[in-house]
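The values are calculated or read from the model by the stated rules, or taken from the named source; none is laboratory data. Everything numeric in this text was worked out from a predicted model, so none of it was measured. In this analysis, Cβ positions are derived from the backbone assuming ideal geometry, glycine residues included, and neighbour counts consider all displayed protein chains.
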Amino acid sequence: MTGQRVPHLHLWVDGEPVDAGVVASLTVEDRVDRASTFAFTIPSSPVAAVAAGDAGGDWDTLLRGQPATDLGMPGARLLSRVTIGFSLVPPDASDGGTELRVVLDGYATALEHRYAHARVPDSELVVTGVDASCLMHLQTVTRRWQDRSDAQVAREIFERYGFGAQVEDTPRRDGTDVSLLQRCTDAEFLRLLARRHGFEVFVAPTVDEVTPGRHPGTAVTGRFRAAPVGRETLPQADLFPHDAPTIVDMTARYDAHQPTTVRSWHVDDRRRTVRSVEVTDPGYPRTGERSRADVLQGALGEILGDGRAPVAVEVRSADVPSDDDELARLARADLRGADWFATAEATLAAGRYPGFVGSGRMLPVTGTGPVFAGDWYVRAATHRWGAARTPLGDPPAVGAADGESEMVYEVDVELVRGALGGEP
């Protein structure tokens, strides 16, 4: 590629495209460990027309319907469906075609209008919202789930809301009358089920074509799964060359203050037995050469000087049916939450990165030295539009229209990995 790709913001309200040029700033936090969110700001100005009930007139960002359309305003209202996407246009046709990616399909859950002292240009409308999973969090229900696995329950809940479903199978419990009692919202119940397995549960857009209407349908898919560590891999991100890096900046750390083993017990009153299990493997592929257990056992053995290798243990007790496999799954779920040895935060220059960054994928990183180089799992990706700073080494944006060249598209990523790439 001969130059930086030019980013463009795309915005739809209730499935209809609107002018994204009115957006002054926007963030989309795309996550796999909780609901994804968005916020965008639009400068607001008074209009001459007199609004009903207020002789002082109205403001352009608060208009709805055709009056908003005539002024190029999105006309968003509470629980409007909001779809956000980005495209990256190469500076030359020989560098490939334009890529478009929908990063969030959700609903506006709050609108805040700020009336500034100067009125114009400092007044603004701030629209915030949540992905489509917010539909599952509006009503508390009491429901009994009879003779179903957790995966079957998750699939039924996703499909109840009209979403697609990608669900990892889970075993059914033994017993002639096994049921689960739900007394919470569907979103809360899904998180309870996911916690039992150490799973992720979230909804995300799966197609880049936006259909009109208030509901996204199967363009949004609910996922109930273990983190796909080692599976879907993004293009490589680099700290060098320094004059035009893919990674603008990065902070990485690792620590010793997490367990490497989980021991769990279950007291079975009916059979008068105590079951126990010890789990040391979270069930993910290793993302490096040295795990926390490797480092701690070697270091503590040297410190104590007698060849002992103590184990950092997380002790749990579990009130569950007397099933060794289920007890092991619960212990493994606890270990999955603690097993990430290293964490990092980094900012990527989206125009230079050869693809779109999204959560739930592996990101290879180079230029950090062997300890932190290698594959990281992207737990969150925050897309930022309109940031004030320009990424290090950026040339003028070739092919951008007037007024667009100053807009910056960057992605802040939250990264985790279970092992380091070298000796710490």
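If you take the residues of segment 1-13 that are out of contact with any Gly (no Cβ under 6 Å at 6 or more places or on another chain) and surrounded by fewer than 19 Cβ atoms within 10 Å (Cβ to Cβ), which of them is modelled with the highest pLDDT?
Only one residue tops the list, namely GLY3.
Are any of the residues in segment 217-234 surrounded by 13 or more Cβ atoms within 10 Å (Cβ to Cβ), in a helix (DSSP H, G or I) and either in contact with a helix residue (DSSP H, G or I) (Cβ under 7 Å, 6 or more places away or on another chain) or of a type in the set (Gly, Ala, Ser) (or both)?
Start the filter on segment 217-234 by keeping residues that are surrounded by 13 or more Cβ atoms within 10 Å (Cβ to Cβ), which leaves 217-230, 234.
Those still in the list that are in a helix (DSSP H, G or I) too: 217-219.
Subset that is either in contact with a helix residue (DSSP H, G or I) (Cβ under 7 Å, 6 or more places away or on another chain) or of a type in the set (Gly, Ala, Ser) (or both): 217, 219.
Scanning segment 217-234 turns up at least one residue that is surrounded by 13 or more Cβ atoms within 10 Å (Cβ to Cβ), in a helix (DSSP H, G or I) and either in contact with a helix residue (DSSP H, G or I) (Cβ under 7 Å, 6 or more places away or on another chain) or of a type in the set (Gly, Ala, Ser) (or both).
Need the failing condition index for GLU314 against (1) at pLDDT below 85; (2) more than 29 Å from the chain's Cα centre (by Cα), just the number.
It fails just one condition, (2).
Testing ARG101 on (1) in a strand (DSSP E or B); (2) over 27 Å from PRO228 (Cα atoms); (3) in the same structural domain as TRP59 (by TED's automatic domain parsing), one condition comes back false. Which one is that?
Condition not satisfied by ARG101: (2).
Quick one: ILE157 ticks every box in (1) touching a Leu at 6+ places or on another chain (Cβ under 7 Å); (2) assigned to a strand (DSSP E or B) except a single one, so which number is it?
Looking at each condition in turn, ILE157 falls short on (2).
Considering only segment 337-350, state which residues are buried (at least 20 other Cβ atoms within 10 Å of the Cβ) and more than 18 Å from ASP30 (Cβ to Cβ).
ASP339, TRP340, PHE341, ALA342, listed by residue number.
Report, by residue number, each residue of segment 267-283 that is closer than 12 Å to LEU330 by Cα and either in the same structural domain as ARG195 (by TED's automatic domain parsing) or of a type in the set (Asp, Glu) (or both). Write out each step before concluding.
Taking segment 267-283 as the starting set, the residues that turn out to be closer than 12 Å to LEU330 by Cα are 276-279, 282.
GLU278 - this is the single residue of segment 267-283 that is closer than 12 Å to LEU330 by Cα and either in the same structural domain as ARG195 (by TED's automatic domain parsing) or of a type in the set (Asp, Glu) (or both).
Inside segment 15-41, can you point out the residues that are closer than 14 Å to GLY85 by Cα and either charged (D, E, K, R) or assigned by TED's automatic domain parsing to the domain that holds PHE202 (or both)?
Within segment 15-41, GLU16, ASP19, GLU29, ASP30 meet the criteria.
Can you confirm whether VAL201 is more than 28 Å from ASP147 (Cα to Cα) and either among the β-branched types (Val, Ile, Thr) or free of Cβ contacts under 8 Å to residues at least 40 places away in the same chain (or both)? Can you show your working first?
Numbers: more than 28 Å from ASP147 (Cα to Cα): no; either among the β-branched types (Val, Ile, Thr) or free of Cβ contacts under 8 Å to residues at least 40 places away in the same chain (or both): yes.
Answer is no for this residue.
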